[in-house]
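Right, one structure below, let's go through it.
The values are calculated or read from the model by the stated rules, or taken from the named source; none is laboratory data. Fair warning: this is a prediction, and the values are worked out from it, not measured in the lab. Each accessible area value is taken on the protein alone, full model and side chains, heavy atoms only, with ligands, DNA and RNA left out. Shrake-Rupley method; radii C 1.70, N 1.55, O 1.52, S 1.80 Å.
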Amino acid sequence: MRLRRAALVSSTLATCFVASAQAGPMVWASMGEDAYRLLRRSGAELERVEPYAVEIRAPQADGRIGTREETVYLMRVDEDALPRLSRDIHENLKTCAGFMVHTSRADGRQAVAGFREAAQRGVKPLVNYQIDDEAEVNPLISQVQESNIRSTIVKLSTNYKNRYYATTGGVNASNDLVTTWKALAGSRTDVTVKQFTHSWAQKSVILEIKGTTNPGKVVVIGGHLDSILSSGTSENSIAPGADDDASGVASLQEAMRVLLQSGYKPKRTLQFMAYAAEEIGLKGSQAIATDYKNNAKKVVGVLQLDMTNYQGAASDITMITDYTNSAQNTFVKNLAAHYLPELKVNEDRCGYACSDHASWTNKGYVASFPFEAPLANDNKNIHTSNDTISKSGDNANHALKFAKLALAYAVELGSDGK
Ligand code: BES
Ligand code: ZN
């Protein structure tokens, strides 16, 4: 186990550190648990140690595929300690030095992201990604309305001063969303709306449509409800968060509305989530993903909608390739090509755990994150009081595409019996 782990880190992170006898400054380095333990034992000077959880699927002793959680550590370390670490690893772990040195923290985080990406690539999707529900999807897609999405964005971004996780606005936004979602559910007995209570004031909101034949398999579509000001957020801060992320919640709410009002009954269970406290470190989604994992809930796919209404470039949808599942990403791209052929889809990476999809990925679930623009062309007003719908032309034309995509995703995954 130990050998495999250290070897995995070193082979994935590509290079081995070349021992140097020279004295040096503090440098950035990343490594797996075993190497980190040896480094600690050597008494080396360390700063800013950041652990990153990585979920790995690999063959177990009995040959079956199992999951285990690994930690990769990124830190500043006295360069002088590295030759000894290299030696210790060779002697104790009998492998090429399982660590990597980086030029900067950003470079180190890229490496950790790449490591996680490689680990996720190995995740075998549990579901059939065949696109075979046109008869249901097409008529539903035509019911999705821009005006509804626009009005949700306007309400979320103007009814409260902010939706920060610890303010009255943040709490009220969650409670009001429950009222709105209950009204959309109407009298359907297969639908429930609940709040997920956290250790802070703002609650996450979950609407569930129970699956008819396969309710134990869950499909999750989520976005975050909270907003933030990078300059600091308190009770009276103006943080409209129209794009980040009223837009994502509005897109998923419109997909949900169409499903609910059309009387669509999924075979698998569909859950729509508005996460609390994303902006302070993905906390709401982490709490939910952890709870689901601990209760062995079978989530077969997660779609994250965070920032859907700012078209910063010619492309319509940018698939984020890190901290996401490549097989499901291909499925989502195929959904767009099939149902929304007019859209231009490309790819980019965040380079770090930039939104709630990463909470699911880190717990071993399959997640995708279709984003509004290439990262270089994203909305520069987020986390300021200027994140208003006026920056998106006072319409929800762009967010509309994501609502349609989410709808196709919900029905294609929701309609399978297995
Ligand atoms: N919506 C953003 C993430 C984002 C921003 C993705 C720009 C792509 C382009 C999200 O709400 C956010 O702000 N995330 C934080 C990280 C999180 C762990 C607190 C961020 O990006 O700093
Ligand atoms: Zn944000």
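For the reader, a short list of remarks on this structure follows.
- Under 19 Å from the Cα of residue 203 - lysines, other chains or at least 8 residues apart: 155, 161, 182, 194, 283
- Across 387, 291, 243, mean-square fluctuation computed from a Gaussian network of the chain (C-alpha pairs under 10 Å connected) peaks at 291.
- Carbon plus sulfur fraction of accessible area for the chain, probe 1.4 Å, in percent: 49
- Per residue value of the accessible surface for the chain (all protein chains in place, 1.4 Å probe), Å²: 40
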